[in-house]
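Remarks on the structure that follows.
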Amino acid sequence: MNTDKHVCQIFIKSSTTAVWKALTQGEFTQRYFHQTRIESSWRAGATVTYFNTDGSTAVAGEILESAPPNKLSFTWHVHYDETAKKEQPSRVTFLLESIEDATKLTVIHDNFPDNSVVYPRISEGWIAILGNLKTMLETDTVMSVS
């Protein structure tokens, strides 16, 4: 494993509970996350899957830690691209912190294999997704970019 790590932080004018629901419930993710629907039981060791609109798997993983509404961590195995699908899974961690009337959301994506093809792709992807999540929670609308 290499030491590459991508970190994004964003403040969202919403409660940690609302942000947690938006991260973990498919009816929300399909609005802001490339139209994918997330599914899991959210228990450590359980599977987590982002499904495309056609039912195929976009990303799959295993829950490493689930501590609602403050921390969620799971492996990240890309399925939407054949080259990336051959790569070992990385890890994504969501940290939610209540600060006054907002939630500070930190996303840490790390544990990439050497010469990862996924790492350069997520570098711009996460900030667009988090921006869309913020827009959805604050205005109940979404941007066409995600």
Filter pass, residue 29 being hydroxyl-bearing (Ser, Thr, Tyr) and in a helix (DSSP H, G or I): yes
From 38, 10, residue being within 19 Å of residue 97 (Cα to Cα) and buried (at least 16 other Cβ atoms within 10 Å of the Cβ): 10
So residue 136, is it in contact with a Ser or Thr (Cβ under 7 Å, 6 or more places away or on another chain), more than 16 Å from residue 6 (Cβ to Cβ) and either at pLDDT 95 or above or not in a strand (DSSP E or B) (or both): no
Some residue of region 122-133 being over 19 Å from residue 40 (Cβ atoms) and surrounded by fewer than 14 Cβ atoms within 10 Å (Cβ to Cβ): yes
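Would you tally the residues in region 42-81 being among the charged types (D, E, K, R) and assigned to a strand (DSSP E or B)? Spell out how you get there, then give the answer.
So in region 42-81, the residues among the charged types (D, E, K, R) come out as 43, 54, 62, 65, 71, 81.
Still in the running and assigned to a strand (DSSP E or B): 62, 65, 71.
Adding up the residues that qualify gives 3.
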Residue 67 being closer than 19 Å to residue 16 by Cβ, touching a Lys or Arg at 6+ places or on another chain (Cβ under 9 Å) and modelled with pLDDT of 95 or more: no
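Yes/no matrix, rows are residues, columns are (1) in contact (Cβ under 8 Å) with a residue 60 or more places away in the chain; (2) surrounded by fewer than 19 Cβ atoms within 10 Å (Cβ to Cβ); (3) more than 11 Å from the chain's Cα centre (by Cα):
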{"site": "25", "(1), (2), (3)": "no, yes, yes"}
{"site": "53", "(1), (2), (3)": "no, yes, yes"}
{"site": "59", "(1), (2), (3)": "no, no, no"}
{"site": "81", "(1), (2), (3)": "no, yes, yes"}
{"site": "96", "(1), (2), (3)": "yes, no, yes"}
{"site": "112", "(1), (2), (3)": "yes, no, yes"}
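The values are calculated or read from the model by the stated rules, or taken from the named source; none is laboratory data. None of these values were measured; they are calculated from a predicted model. Glycine gets a Cβ as well: all are built from the backbone with ideal geometry, and neighbour counts include every protein chain shown.
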